[in-house]
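To start, the structure itself, in structure tokens.
The values are calculated or read from the model by the stated rules, or taken from the named source; none is laboratory data. Since this is a predicted model, take the numbers as computed values, not measurements. Reconstructed Cβ throughout: ideal geometry from the backbone, glycine too, with neighbour counts over all protein chains shown. We work out accessible area using only protein heavy atoms, side chains counted, and drop any ligands, DNA or RNA first. Shrake-Rupley method; radii C 1.70, N 1.55, O 1.52, S 1.80 Å.
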Amino acid sequence: MIVAAGLFLTGIAAPCSSAAWLLLWRWRQMRLQQSSWRPPVTVLKPLCGAEAGLYEGLCSLARQSYPDLQIVFGVRDASDPAVAVVERLAHEFAALDLKLVIDARSHGENLKASNLINMLPHARHPVVVISDSDVQVGQGYLDAIVAALAPAEVGAATCLYRGRAGSGLWSRVAALFINDWYFPAVLVSRALGDHSFASGATIALRRQTLDAIGGLQVIADHLADDWLLCERVRRLGLQTVLSPFVVQTEVADEGFLAHASRELRWMRTIRTVAPFGYAFMGFSFALPVALAGVLVACVSPWALSLGLLTLVNRVGIHLEQRRRTGARLGYDLPLIPLRDGLLFAVWVAGFLGRGITWRGRRYLVRSGGALSPLNG
């Protein structure tokens, strides 16, 4: 019976990791969609602080070759260091339609959502793209996102992202969370029929769709604002689609506790919006599951073979993602055991409470991702 349990674990880990590697390979073969529909677009960029790579990220958006583009930046405080970055950008790209909104009004517990709500009245165009502050994009980004949104049955378009690590150990470990687990896990989930994925890295929708779901006020008290926004779109009977375009985010050089707190916040948020899926998420941590299976099965030949296949797949996933970023192959291979062990630990910790820390504040994440402030 014990050996059977071990074989069960390795029998799940091996095909899951194989599927993830295959889906990553297929994703690389996908071509970006083309569309003659190029409506005027407003990009909303909520900012908070001059985080690493902010200027480069904003420049990558300003350099887009798109015919009618407005970019609206928003901060809550005139003393925010991001203001100077936007002013520099406005000077260097004087021909662009740029707008900086400084507005401290709060509309709920999610201060990023409040920032967006304050910015939205300044958006002039019929298509709105919401993009997180730490996102860097390549040329053709807006064309690809708008093309994904073009069909009448599509209500919102989003995209995946990769993490670019700094030089610090924990930055590199955190980048592996995004690149080696989160990215392929989304592809596996979609292959299984779950189309609920949404990323604050990019959400594009028509203004009329945004008005139909009740505007941005619907996310004012929710931590999972990206998920909720697209969930409201699906309730209208419209699709939310994933563009093949991949953007990049900067992974700050912070300490272990800062990165662990962020990952725990993500895990507990996922658990509140998809509790059933979260319970089975543990099987997506292929290497720890396979190792447990090999040990439980007392190193039986079948379990060992499946475990080795899982290890090969895991390394393949890592190398595939490193290849896409142009980084030296295998640079972070020694960090895989540490990364996957911590991933499993953070997943377990996600079950042990609903408290999270976000931008220095403590909250309780309620069912559906709603936020309640915690005193003290």
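Below, the figures for the structure above:
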read-out: Residue count for region 164-173, restricted to those that are closer than 14 Å to Glu250 by Cβ and open to solvent by less than 10 Å² (accessible area, probe 1.4 Å); value: 1
read-out: Within region 278-305, tally of residues that are closer than 14 Å to Val348 by Cα and touching a helix residue (DSSP H, G or I) at 6+ places or on another chain (Cβ under 8 Å); value: 8
read-out: Flag for Leu120 being over 23 Å from Gln34 (Cβ atoms), open to solvent by 10 Å² or more (accessible area, probe 1.4 Å), touching a residue at least 60 places away in the same chain (Cβ under 8 Å) and not acidic (Asp, Glu); value: yes
read-out: Residue match in region 261-277 (condition: out of contact with any Pro (no Cβ under 7 Å at 6 or more places or on another chain), in a helix (DSSP H, G or I), surrounded by fewer than 14 Cβ atoms within 10 Å (Cβ to Cβ) and aliphatic (A, V, I, L, M)); value: no
read-out: Meets criteria (of a type outside the set (D, E, K, R), open to solvent by 20 Å² or more (accessible area, probe 1.4 Å), at pLDDT 95 or above and under 24 Å from His122 (Cα atoms)) for Ile71; value: no
read-out: Residue selected from region 58-99 under the condition among the small types (Gly, Ala, Ser), in contact with a Leu (Cβ under 9 Å, 6 or more places away or on another chain) and assigned to a helix (DSSP H, G or I), by the criterion farthest from Thr249 (Cα to Cα); value: Ala90
read-out: Yes/no for Arg28 being under 27 Å from Gly163 (Cα atoms), in contact (Cβ under 8 Å) with a residue 24 or more places away in the chain and open to solvent by 50 Å² or more (accessible area, probe 1.4 Å); value: yes
read-out: Out of Ala82, Ala94, Ala19, sole residue that is at negative phi and without any contact (Cβ under 8 Å) to a residue 40 or more places away in the chain; value: Ala94
read-out: Criterion violated by Ala204 - all others in (1) open to solvent by 20 Å² or more (accessible area, probe 1.4 Å); (2) closer than 22 Å to Asn118 by Cβ; (3) not in a helix (DSSP H, G or I) satisfied; value: (1)
read-out: Check on Leu295, touching a residue at least 40 places away in the same chain (Cβ under 8 Å) and surrounded by fewer than 21 Cβ atoms within 10 Å (Cβ to Cβ); value: yes
read-out: Residue check, Ala52 assigned to a helix (DSSP H, G or I), open to solvent by less than 80 Å² (accessible area, probe 1.4 Å) and at negative phi; value: no
read-out: Region 134-154 residues that are closer than 20 Å to Lys45 by Cα and touching a residue at least 24 places away in the same chain (Cβ under 8 Å), paired with ones that are of a type in the set (Phe, Trp, Tyr) and open to solvent by 50 Å² or more (accessible area, probe 1.4 Å) (beta carbon under 9 Å, 6 or more apart); value: Val146/Trp37; Leu149/Trp37
read-out: Flag for Leu160 being of a type in the set (A, V, I, L, M, F, W, C), open to solvent by less than 10 Å² (accessible area, probe 1.4 Å) and assigned to a strand (DSSP E or B); value: yes
read-out: Region 43-65, residues that are over 21 Å from the mean Cα position of the chain (by Cα) and either of a type in the set (Lys, Arg) or closer than 17 Å to Arg207 by Cβ (or both); value: Arg63
read-out: Residue that is nearest to the chain's Cα centre (by Cα) [pool: residues in region 295-328 that are of a type in the set (Val, Ile, Thr) and modelled with pLDDT of 90 or more]; value: Ile317
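Okay, residues lined up against (1) in contact with a Leu (Cβ under 9 Å, 6 or more places away or on another chain); (2) assigned to a helix (DSSP H, G or I):
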site: Pro151; (1), (2): no, no
site: Ser171; (1), (2): no, yes
site: Phe183; (1), (2): yes, yes
site: Gln208; (1), (2): no, yes
site: Leu242; (1), (2): yes, no
site: Val247; (1), (2): yes, no
